[in-house]
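> Please read through the structure below; I'll follow up with questions.
Every number in this text was worked out from the coordinates using simple rules, so none of it is lab data. Please read all numbers here as calculations on a predicted model, not as lab measurements. Positions of Cβ are generated from backbone atoms using ideal geometry, with glycine treated the same way; all protein chains shown enter the neighbour counts.
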Amino acid sequence: MKKLIIIPAYNESESIEYTIEHIKKEAPDFDYVIINDCSSDNTVEILEKNHYNYISLPVNLGIGGAVQTGYKYALENGYDMAVQVDGDGQHDVSFLNLMVDKLVKEDADMVIGSRFINKEGFQSTFMRRVGITYFTRLIKLLTNQTITDPTSGFRLANRRAIELFAKEYPRDYPEPESVVVLLKKNFKIVEAPVIMKAREGGQSSIRMWSSVYYMVKVSMAILVEFIRK
């Protein structure tokens with residue numbers, strides 16, 4: 001089976017080399033593609049210097065547009081599975097075989113790597129945990145399914161989910177909304193316990209000052225998606 005790692009990267013010069021070398025060491029049976037989302041630092045110079053496999057977007061599309069570009073690449077190149085891995089070094093790809101096994105054995109459409117099942121490793125910041133708990137409860141209310149880590153970007157999709165996401169994918173802060181998209185369409189989502197690490201470098205796109213805006217905007221997007229025909 002062809003397996004692809006999608007790595008959205010915006011100003012990840014401090015961590016992208018670590019991320020790719022970790023993938024080469026721990027997940028050699030996966031191909032990878034870096035989606036350079038019009039970085040303003042020297043990320044693209046690092047990609048060129050190391051001859052990494054990457055696509056550079058002509059304009060900044062945000063996390064949703066960058067990830068969807070990866071899904072389009074996966075669809076057009078015949079991949080059976082695609083997993084999103086952040087370029088900041090937080091996601092430990094040594095857990096990918098566990099996620100693949102779970103996807104296959106449980107006949108799931110997506111496996112989300114959750115840091116909150118075994119509660120080991122980096123558990124995120126306090127404000128992020130508040131938001132995660134809120135979205136877990138909102139998704140439970142709307143879909144009657146508990147997703148313990150709905151903001152996790154560490155997620156493995158099968159071919160069916162790849163085909164859907166290549167056509168439609170949320171633009172801003174897409175992780176919780178895309179969960180609702182799948183559940184509404186009766187796709188099967190399961191979670192697997194993983195350990196995440198603190199960022200190797202760079203800054204999160206969600207700052208303290210924008211946390212309330214993030215929660216309100218994503219909540220509205222989830223509700224609109226839920227009531228949409």
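> How about segment 139-151: which of its residues are out of contact with any Pro (no Cβ under 8 Å at 6 or more places or on another chain) and either touching a residue at least 12 places away in the same chain (Cβ under 8 Å) or crowded, with 16+ Cβ neighbours inside 10 Å (or both)? Talk me through it step by step, then tell me what you get.
Applying the first criterion (out of contact with any Pro (no Cβ under 8 Å at 6 or more places or on another chain)) to segment 139-151 yields 140-149.
Across segment 139-151, the qualifying residues are L142, T143, Q145, I147, T148, D149.
> Now a separate question. In segment 46-77, how many residues are farther than 15 Å from I20 by Cβ and of a type in the set (S, T, Y)? Don't jump to the end; show me each part of the working.
The initial filter retains those residues of segment 46-77 that are farther than 15 Å from I20 by Cβ, namely 56-69, 71-77.
Checking the rest, the ones that are also of a type in the set (S, T, Y) come to 56, 69, 71, 73.
Residues that pass the stated criteria total 4.
> Looking only at segment 88-98, filter to residues that are assigned to a loop (DSSP other than H, G, I, E, B) and not polar (S, T, N, Q); which one of those is surrounded by the most Cβ atoms within 10 Å (Cβ to Cβ)?
First, pick out the residues of segment 88-98 that are assigned to a loop (DSSP other than H, G, I, E, B): 88-90, 92.
Next, from what is left, pick out any that are not polar (S, T, N, Q): 88-89, 92.
On the way: D88: 25, G89: 22, D92: 18.
So the residue we want is D88.
> Considering only residues that are of a type in the set (S, T, N, Q) and either in contact (Cβ under 8 Å) with a residue 60 or more places away in the chain or buried (at least 17 other Cβ atoms within 10 Å of the Cβ) (or both), which ones fall in segment 37-70? Spell out how you get there, then give the answer.
If we filter segment 37-70 for residues that are of a type in the set (S, T, N, Q), which is where we start, we get 39-40, 42-43, 50, 53, 56, 60, 68-69.
Result: S39, T43, Q68, T69.
> Let me ask you something else. Exactly one of these conditions fails for F116: (1) part of a loop (DSSP other than H, G, I, E, B); (2) under 24 Å from I55 (Cβ atoms); (3) not aliphatic (A, V, I, L, M). Give me its number.
It fails just one condition, (2).
> Moving to a separate point now. Can you say whether Y73 is part of a helix (DSSP H, G or I), surrounded by fewer than 22 Cβ atoms within 10 Å (Cβ to Cβ) and touching a Leu at 6+ places or on another chain (Cβ under 8 Å), as far as the supplied structure shows?
Details: part of a helix (DSSP H, G or I): yes; surrounded by fewer than 22 Cβ atoms within 10 Å (Cβ to Cβ): yes; touching a Leu at 6+ places or on another chain (Cβ under 8 Å): yes.
Judged against the criteria, Y73 is a match.
> So D101 fits all but one of (1) charged (D, E, K, R); (2) in a helix (DSSP H, G or I); (3) under 17 Å from the mean Cα position of the chain (by Cα); what number is the exception?
(3)
> Among the residues of segment 136-180, which ones are among the hydroxyl-bearing types (S, T, Y), farther than 24 Å from L4 by Cβ and part of a helix (DSSP H, G or I)? Write out each step before concluding.
Keep residues of segment 136-180 that are among the hydroxyl-bearing types (S, T, Y), which gives 136, 143, 146, 148, 151-152, 169, 173, 178.
Filter again for farther than 24 Å from L4 by Cβ, leaving 136, 143, 146, 148.
Within segment 136-180, T136, T143 meet the criteria.
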